[in-house]
1. All but one of (1) among the small types (Gly, Ala, Ser); (2) farther than 19 Å from Leu199 by Cβ; (3) in a helix (DSSP H, G or I) hold for Ala139, so report the exception by its number.
2. Which is at pLDDT 95 or above and in contact with an Asp or Glu (Cβ under 7 Å, 6 or more places away or on another chain), of Ala166, Ala173?
3. Within the stretch 153-206, how many residues are of a type outside the set (A, V, I, L, M), over 14 Å from Val133 (Cα atoms) and within 14 Å of the chain's Cα centre (by Cα)?
4. Scan the stretch 120-129 and give yes if some residue there is of a type in the set (Val, Ile, Thr), at pLDDT 95 or above and open to solvent by less than 70 Å² (accessible area, probe 1.4 Å), otherwise no.
5. Return the residues of the stretch 157-184 that are closer than 26 Å to Gly81 by Cα and in a loop (DSSP other than H, G, I, E, B); say none if nothing qualifies.
6. For the stretch 117-136, what are the residues that are in a loop (DSSP other than H, G, I, E, B) and either within 13 Å of Met80 (Cβ to Cβ) or free of Cβ contacts under 8 Å to residues at least 12 places away in the same chain (or both)?
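The values are calculated or read from the model by the stated rules, or taken from the named source; none is laboratory data. It should be emphasised that the depicted structure is a prediction, and the values quoted were computed from it without experimental measurement. With ideal geometry, Cβ positions are generated from the backbone for all residues, glycine too; neighbour counts draw on all protein chains shown. Side chains included, ligands, DNA and RNA excluded: accessible areas come from the protein's heavy atoms. Shrake-Rupley method; radii C 1.70, N 1.55, O 1.52, S 1.80 Å.
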Amino acid sequence: MKKSLSVVLSATVALSMFSSVAFGKTSADFTDLKDLDAATKAKFDAMISAGIFDGVSDTSFGLKDEMNRAQFAKVAALIMGLDVNKDLKTSTFTDVSVDDAANGYALPYIEALKTAGVTDGYGENTYNPAGKVTKEQLATFLVRVLGKDADAKGKTGTDTTVSGWAQGYVALALELKLLANGEDGTFSGQANATRDLLLTGAYEAKQQY
């Protein structure tokens, strides 16, 4: 009886550590990950097993789905090991609410990022949780996660696909190998970031954090 209770309690604790139903899953469970090379699969397996990422369904990871700001908030907070108050019901941002069926789950993660100084929102008192994240914005977020905001501001870049304000962040993200240029040699900074970029960038940031 005691042994059974111990097993149940251990399982409960383990499940509480993971925020998604990806517990026990690997890249092999998702049809859109099966053609990835071994090194990339290892990164996906690490992030999935850690509970930082889950699929968009039981069989699809959503590899090329565009990510939004709510998704990033959760990933960044987990990478940084921030103190996330899961019981938090109100946000300092007017457009973030627990009643938001699609993105309400991210409220405590968004607030944790704000407290940590990673984000101050999208505009005045707003976060825009459903908004897409461009590649240059992702680069900026990842650099800030690593606490290298000042370093990025001291850099310059000449990539015409990247906005002026983001040149330093993109340059540093490339230097740190958080992200990479495309096959054409440009970053395509204003294109929307996809979930595969979020995972691989987050994996590299986690290793360096």
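1. (2)
2. Selected residue: Ala166, the only one of Ala166, Ala173 that is at pLDDT 95 or above and in contact with an Asp or Glu (Cβ under 7 Å, 6 or more places away or on another chain).
3. Summing the residues that are of a type outside the set (A, V, I, L, M), over 14 Å from Val133 (Cα atoms) and within 14 Å of the chain's Cα centre (by Cα) in the stretch 153-206 gives 4.
4. Within the stretch 120-129, one or more residues are of a type in the set (Val, Ile, Thr), at pLDDT 95 or above and open to solvent by less than 70 Å² (accessible area, probe 1.4 Å).
5. The answer is Leu176, Lys177, Leu178, Leu179, Ala180.
6. Scanning the stretch 117-136 gives Gly117, Val118, Thr119, Asp120, Glu124.
Results for (1) surrounded by fewer than 17 Cβ atoms within 10 Å (Cβ to Cβ); (2) among the aliphatic types (A, V, I, L, M); (3) in a loop (DSSP other than H, G, I, E, B); (4) free of Cβ contacts under 8 Å to residues at least 24 places away in the same chain, shown as yes or no for each residue.
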| position | (1), (2), (3), (4) |
| --- | --- |
| Tyr105 | no, no, no, no |
| Thr115 | yes, no, no, no |
| Val143 | no, yes, no, no |
| Thr186 | yes, no, yes, no |
